[in-house]
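The values are calculated or read from the model by the stated rules, or taken from the named source; none is laboratory data. All of these numbers come straight from a predicted model, not from anything done at the bench. Every residue, glycine among them, receives a Cβ derived from its backbone with ideal geometry; neighbour counts consider all protein chains shown.
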Amino acid sequence: MKTLAKKDLKGVIKAWTEKYHVLAPSRMTNGDCMFDTFQEESFTLDYKKPPLLPKAVFLPHTEVVFEVEENKFREVISARNTILFGIRSCDMMGLLQSTSFMTRDRDDIYYSTKKERATIIVMACPGPQNETCFCTTTFSGPVAQRGFDLLFFDMGNNFIIETGSDRGKELLSSGPFTDMDDNLAGEKIKTFKDKAVRDIPVVDEVYEAMRRLKDGIADEKVWEYFGRKCIVCGGCAFVCPTCTCFNVYDHESAPGNGVRARAWDACLYGGFTREASGHNPRPTQASRLKRRHEHKLLYYNETDIQESLCGCVGCGRCSDYCPVHIGTLEVAREIVKE
Amino acid sequence: MTNSINEFEDADLFLVTGSNTTAQHPLIGSRIINAKERGAKLLLIDPREIPLAGFADLHLRQNIGTDVAVLNGMMNIIIEEDIYDKKFVKERAEGFEQLKSVASKYTPRVVEKISGIPAHDLEKAARMYAIADKAMIVYAMGITQHTTGTDNVKTCANLAMLTGHIGRPSTGVNPLRGQNNVQGACDMGALPNVYSGYQPVADPAVKKKFEDAWGVQGLDDKVGLTITDMMVAARKGEIKSLYIMGENPMMSDPDTSDIEHALSSLEFLVVQDIFLSETAAKADVVLPAASFAEKEGTYTNTERRVQISKKAVASPGLAKPDWEIICDVSRLVGYPMNYSSPADIMKEINTLTPSYAGITYKRLEMCHGLQWPCPNEEHPGTAYLHRDRFSKGQGTFLPCEFKPLAEVPDEEYDFLLTTGRIYYHYHTGTMTRRTSILEREAPVPLVEVNPDDAKRLGIRNGDQVEVTSRRGSIKAMAEVTTRVPKRVVFSTFHYYEAPVNLLTNAAFDPVAKIPEYKGCAVKVRRCI
């Protein structure tokens with residue numbers, strides 16, 4: 001295994017920017033953190049759990065899929081060589097799940113082209129990033145098992161780096177990396193991981209809620225309660241690493257000219273399931289919330305979940321950002337409440 | 001707002017009136033929902049059964065346009081039962097005797113007759129509000145868009161002062177601004193009577209200050225016209241040209257036929273907008289402006305917080321940020337404005353506007369905004385207003401008498417039409433109706449009709465109905481719902497297919513000149 005002194009990290013990433021578009025955690029002047037184009041001055045390792053997800057790199061919020069000019073159409077597939085530095089293990093699982101869904105039976109070329117040209121570097125979590133982290137419950141962290149090109153362990157003054165692919169190996173072929181005995185590295189990683197697992201409590205209510213949903217004994221009143229207070233912002237879907245629904249629309253700029261584009265959508269909106277007749281199989285906010293959470297905790301696809309627990313990766317962002325506290329954690333706790 | 005949005009977390013009671021908060025200010029609405037869960041009380045005074053009604057401890061559904069009577073009635077009870085804040089009234093307010101004498105006429109029985117609110121409910125409401133430790137009044141256009149809009153606002157202020165629910169954290173009077181920067185536009189003097197920071201144009205010292213700063217002589221010290229005055233003047237030929245920026249009066253102003261007449265009477269109309277709106281289509285010259293995402297600058301939100309916004313995408317075609325267009329026009333008419341950037345303009349704002357003096361670009365870059373008043377660079381900004389004194393010193397009770405709507409239903413026009421917005425669309429739809437998902441969510445204009453009325457008129461959910469006032473007629477789809485009371489219909493001004501302002505009454509509040517969008521007489525029939 002390789003190691004890298006922490007003081008050399010910025011230099012290494014800077015060298016990568018010559019060949020790659022590097023997205024890395026950045027601290028804005030107002031204190032906010034987000035993944036953004038690497039810049040030495042704003043790069044930070046103290047970034048917790050930024051709200052914007054790696055999925056936005058592969059499935060941008062809005063994306064043109066073809067252009068029409070003078071009645072002739074031209075497909076638009078945009079991608080560039082990208083390094084995503086420092087995503088969390090839960091987000092890695094989110095990417096694995098999303099990629100499975102987007103390529104399993106029909107290849108979403110706009111997504112997969114970007115994914116193929118991306119190098120993923122995961123930063124293992126030494127513990128919870130905040131009180132809503134529950135990746136140990138969903139088998140998606142604190143240390144990614146696969147999917148990554150490189151996996152970094154922060155050991156204080158240096159990083160131990162695990163390689164996950166040839167592409168990752170290539171990145172380590174030049175630069176101030178030093179070799180470390182695999183056994184010694186393995187021991188250090190085990191200690192790191194054991195501590196992280198101990199520090200991120202397992203949320204048993206999630207298992208119990210899944211069981212009750214499966215057995216059909218979850219109280220329907222749960223959905224009524226949440227449905228009444230949901231403000232229909234769709235934010236839970238937008239911050240979710242495994243939500244990939246989009247809406248397709250045309251925008252005509254002049255007769256015979258325009259674009260077809262897609263944009264993030266959310267199953268919390270009534271129009272998402274409304275049929276052409278006007279009939280809506282999910283007619284109430286309660287039924288839409290039920291659909292969303294059952295999709296994560298009950299009706300997930302076995303292939304897509306990539307050997308994790310379910311369609312939720314335990315990042316806790318829905319609980320972090322929902323203005324009225326309707327996240328997976330709150331929903332699970334409400335379902336098991338007597 | 002006299003308070004900050006964060007103060008919703010500590011209030012014990014919210015009096016929400018004339019605000020469909022979860023639809024129009026959903027993040028503030030969510031604060032109220034969360035507060036309810038921790039045990040705060042919600043007192044709702046609104047004719048419509050809006051989503052917050054499901055959370056209200058008490059919902060008073062007053063007849064439209066009777067707000068002054070209802071609030072006076074509450075004050076009558078509070079004074080009668082001796083539960084007003086005597087210390088606050090004595091130390092910080094003046095004119096209590098006048099208030100008492102006006103309020104004394106609004107006994108619960110009298111108010112019940114005017115407003116339809118049962119006397120015992122009004123008594124409950126009055127006690128709830130008065131005895132709460134920290135109560136916030138929250139209102140929006142349901143209070144202001146009336147010929148008595150100014151009276152309604154004064155009466156809200158009277159109620160807050162009478163009970164001492166102002167000047168402490170989580171107590172105050174909170175008009176929720178309906179647009180992201182309407183506070184900022186007003187702060188910057190986009191009003192006929194003031195320069196930035198509400199400095200009067202008629203004040204000679206203020207006039208001199210701005211003349212010196214801008215290197216000019218003879219700035220006009222006469223108060224100009226409001227939008228509604230301008231339309232009247234245009235119709236009379238007293239105004240020859242108009243320069244309209246980011247406003248769509250052909251859809252948003254009352255009595256559209258009259259507005260169209262006014263704009264057609266002009267010799268020259270310039271419209272500066274991001275899309276060719278219904279108003280821009282009538283212009284002699286259209287100046288393409290950059291959208292919010294295509295420019296840099298600051299917005300001042302409903303809690304007086306000035307926040308920086310960065311450019312995210314390039315403008316299409318020839319579009320430019322508004323400030324650049326204004327500088328270009330100014331240069332062409334012979335007064336070069338040599339601003340190099342929004343930051344440069346902010347420097348001038350800091351110099352000339354005392355409440356913004358400490359809100360520098362440099363500071364804004366480093367935080368999540370600053371709330372005015374912020375008089376110097378060391379000042380942290382102001383979370384809530386009127387702490388130890390009101391800006392004028394003592395607070396003066398300004399009691400108002402109830403006045404009915406300018407147009408009340410009669411035998412022929414037997415319904416009241418009230419208008420507003422829905423969750424998915426913003427104003428005249430210039431932006432939101434071009435946004436795929438928002439348009440998908442609310443693609444057609446609806447008119448809310450009460451089930452009793454619907455039954456009587458043979459209207460079923462989804463039927464086309466025709467709504468007609470003395471000024472015009474529109475057709476839209478009926479939504480049969482108890483959200484509206486009997487003899488009231490509700491519709492929005494988002495849709496060009498059913499422009500509701502063809503119907504509304506161009507009667508104005510005498511002071512603020514705001515039109516009475518919230519009530520006019522109409523008749524309703526099912527289209528065959």
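Observations on the model:
- Hits in region A:267-280 - residues which are crowded, with 16+ Cβ neighbours inside 10 Å and at the interface with another protein chain (Cβ under 9 Å from one of its Cβ atoms): A:TYR269, A:GLY270, A:GLY271, A:PHE272, A:ARG274
- Count of region B:444-466 residues which are touching a Lys or Arg at 6+ places or on another chain (Cβ under 9 Å) and either within 21 Å of A:ARG262 (Cα to Cα) or within 14 Å of another protein chain (Cβ to nearest Cβ) (or both): 2
- Residues being within 12 Å of chain B (Cβ to nearest Cβ), in a loop (DSSP other than H, G, I, E, B) and either over 16 Å from the mean Cα position of the chain (by Cα) or crowded, with 20+ Cβ neighbours inside 10 Å (or both) - total across region A:235-266: 2
- Qualifying residue in region B:298-315 (condition: crowded, with 20+ Cβ neighbours inside 10 Å and of a type in the set (Gly, Ala, Ser)): no
- Residues (over 15 Å from B:PHE275 (Cα atoms) and either in a helix (DSSP H, G or I) or at pLDDT below 95 (or both)) located in region B:314-329: B:TRP323, B:GLU324, B:ILE325, B:ILE326, B:CYS327, B:ASP328, B:VAL329
- When region B:411-434 is limited to residues that are hydroxyl-bearing (Ser, Thr, Tyr) and either within 14 Å of chain A (Cβ to nearest Cβ) or closer than 17 Å to B:ARG48 by Cβ (or both), the one that is surrounded by the fewest Cβ atoms within 10 Å (Cβ to Cβ) turns out to be B:TYR423.
- Among the residues of region B:264-279, those identified as under 24 Å from the mean Cα position of the chain (by Cα) and outside any loop (DSSP other than H, G, I, E, B) are B:VAL271, B:GLN272, B:ASP273.
- B:GLN217, sole failed condition from (1) without any contact (Cβ under 8 Å) to a residue 12 or more places away in the chain; (2) outside any loop (DSSP other than H, G, I, E, B); (3) more than 28 Å from the chain's Cα centre (by Cα): (2)
- Against the conditions (1) hydroxyl-bearing (Ser, Thr, Tyr); (2) within 14 Å of chain B (Cβ to nearest Cβ); (3) within 21 Å of A:MET210 (Cβ to Cβ), A:SER308 satisfies every one except (2).
- Residue check for A:ASP166: of a type in the set (Asp, Glu) and farther than 18 Å from A:ILE83 by Cα: no
- Here is the figure for region B:49-74: residues that are part of a loop (DSSP other than H, G, I, E, B) and either hydroxyl-bearing (Ser, Thr, Tyr) or within 14 Å of another protein chain (Cβ to nearest Cβ) (or both) total 4.
- In region B:154-204, residue nearest to B:MET74 (Cα to Cα) [restricted to those that are under 17 Å from the mean Cα position of the chain (by Cα) and β-branched (Val, Ile, Thr)]: B:THR155
- Residue match in region A:155-166 (condition: buried (at least 19 other Cβ atoms within 10 Å of the Cβ) and part of a loop (DSSP other than H, G, I, E, B)): yes
- Considering residues of region A:48-86 that are touching a Pro at 6+ places or on another chain (Cβ under 7 Å) and at pLDDT 95 or above only, the residue farthest from the other protein chains (Cβ to nearest Cβ): A:GLY86
- Taking region B:200-214 as the range and being farther than 20 Å from B:LYS513 by Cα and either touching a strand residue (DSSP E or B) at 6+ places or on another chain (Cβ under 7 Å) or not in a loop (DSSP other than H, G, I, E, B) (or both) as the test, the residues that pass are B:PRO204, B:ALA205, B:VAL206, B:LYS207, B:LYS208, B:LYS209, B:PHE210, B:GLU211, B:ASP212, B:ALA213, B:TRP214.
One line per residue, one yes/no per condition, for (1) touching a residue at least 60 places away in the same chain (Cβ under 8 Å); (2) under 20 Å from the mean Cα position of the chain (by Cα):
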| position | (1), (2) |
| --- | --- |
| B:LEU52 | no, yes |
| B:ARG61 | yes, no |
| B:ILE64 | yes, yes |
| B:ILE78 | yes, no |
| B:GLU81 | no, no |
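- When region B:480-516 is filtered for residues that are of a type in the set (D, E, K, R) and either farther than 30 Å from B:VAL223 by Cβ or assigned to a strand (DSSP E or B) (or both), the ones remaining, listed by number, are B:ARG483, B:LYS486, B:ARG487, B:GLU497, B:GLU516.
- Search result, residues across region B:332-373 that are assigned to a loop (DSSP other than H, G, I, E, B) and more than 24 Å from B:THR2 (Cα to Cα): B:VAL333, B:GLY334, B:TYR335, B:PRO336, B:MET337, B:ASN338, B:TYR339, B:SER340, B:SER341, B:MET366
- Members of region A:183-212 found to be in a helix (DSSP H, G or I) and among the β-branched types (Val, Ile, Thr), listed by number: A:ILE189, A:THR191, A:VAL197, A:VAL206
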